[in-house]
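Below is one structure, written out as structure tokens; the observations come after it.
What follows draws every value from the coordinates through simple rules; no lab data is involved. Owing to the predicted nature of the structure, the values given are computational and were not obtained by experimental measurement. We place every Cβ from the backbone using ideal geometry, glycine too, and count neighbours over all the protein chains shown.
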Amino acid sequence: MAATVRYAEVEAGGQLPLLTVLVTREQLVRYAGASGDFNPIHWNERFAREVGLPNVIAHGMFTMASAIRAVTDWVGDPGAVLEYKARFTNPVVVPDDGRGAELQVSGKVAAKLDDEARTVRVDLTVTSAGQKVLGVTRAVVRLA
Amino acid sequence: MPLDPSYIGRTYPPTPPYEVGREKIREFAEAVGDANPAYTLAEAAGEFGHSEVPAPPTFPFAISYRAAAQVIEDPELGLDFSRVVHGDQRFSYTRPVRAGDRLSVTVLIEDIKEAGGNDLLSLRGDVYDAEGGHVVTTTMTLVARATEEV
């Protein structure tokens, strides 16, 4: 895993490799346990429907964790991420149909920020079932 | 009843240290489906200059959210948690969280405002290690949705 991305070789507008993430009920149960967020809307279909949701939905933080993989897979070092933010705009609905949901994450280098610090801003677009699920999803990343 | 904006600027005492375990990082990385070997293998982490395995970038949320419970459950503030959804989330890192860290969080109410009948509560968590060094600041906006009557 010596893959490093060099600041000098990156252009504003450059695309990151596309990332597709499958989200299953099992994944959400695992995430609930690992994160300590046991809100039943993320695993209990009856409860989710009772509070007006179409079905069980993914944790927003699970989606945010999945999206930053487009960046960390690209640069290799998770410590290269200096800033990361997202807005939770639409829920990711995860049906119990043997397939679950699919997240599509695309990213581009929006700007080269600082030649000395070798930092770039990466803008991410995250969709599920053709709908944007995160808004204003941005990371500042230090390159090699 | 809307949240009282005079709470803006209020800080809560630092939380007792949370000790970050290697196996907790592995469990979290597996839960988010992230196979980056830096999270599980010391040698892979070492190639990037980390003395211990780092945690995935969103891992600190779990720690800061526990700390935010002080505010969320503060009876004086009176937030109706049954109406709360997560609006947005920011992380600003000095360094990644690493196995062995003992982290303490100081929570600050950064902003309270009303928009379209919804209460917006912005909480900043400054996360420090045992030596007092800054690790990461996490900022979350919680949205308490308007009640039906509004």
*Separation in nanometres of the label points that stand 7 Å from Cα toward Cβ, at A:Val51 and B:Glu27*: 2.3
*Taking the Cα atoms of the protein assembly as shown alone, what are Rg (to one decimal) and Dmax (as a whole number) in Å?*
18.9, 58
*Mean Cβ count within 10 Å, highest first, over the residues of peptides A:9-18, B:15-24, A:100-109*: A:100-109, B:15-24, A:9-18
*Average partner coverage of B:55-64, which counts Cβ from other chains inside 10 Å*: 5
*Where the convex hull is taken over the Cα atoms of the range A:88-144, what is its projected area averaged over directions, in nm²?*
4.9
*Taking chain B as a Gaussian network, where each spring joins two C-alpha atoms under 10 Å apart, which residue of B:Thr139, B:Thr11, B:Thr94 fluctuates the most?*
B:Thr94
*Sticking to Cα atoms, compute the Rg of the range B:12-103 to one decimal and its Dmax as the biggest Cα-Cα distance, whole number, in Å.*
15.6, 49
*Name the residue, out of A:Asp115, A:Asp73, A:Asp123, whose mean-square fluctuation peaks in a Gaussian network model built on chain A with Cα pairs under 10 Å.*
A:Asp115
_Could you compute the net charge surrounding B:Asn118? Neighbours are other residues with a C-beta less than 10 Å from the C-beta of B:Asn118; K and R count +1, D and E count -1._
+1
_Within 10 Å of each Cβ in B:16-28, how many Cβ atoms from other chains are there, averaged over the peptide?_
1
*To the nearest whole number, what is the average tally of beta carbon atoms from other chains within 10 Å of the beta carbons of peptide A:57-64?*
4
*Give, as a single signed number, the net charge of other residues whose beta carbon lies under 11 Å from the beta carbon of A:Tyr31, with Lys and Arg counted +1 and Asp and Glu -1.*
-2
*Cβ-defined net charge surrounding A:Leu53, 15 Å radius [Lys, Arg +1; Asp, Glu -1]*: +2
*Lysine pairs with alpha-carbon atoms under 27 Å apart, the protein assembly as shown, spacing 8 or more or separate chains*: 8
*Where the centre of each part is set by its Cα atoms, how far does the range A:57-133 sit from the range B:1-66, in angstrom?*
17
*Measure nothing fancy, just the Cα-based angle from helix A:25-35's long axis to the longest principal axis of chain A, in degrees from 0 to 90, nearest 10.*
70
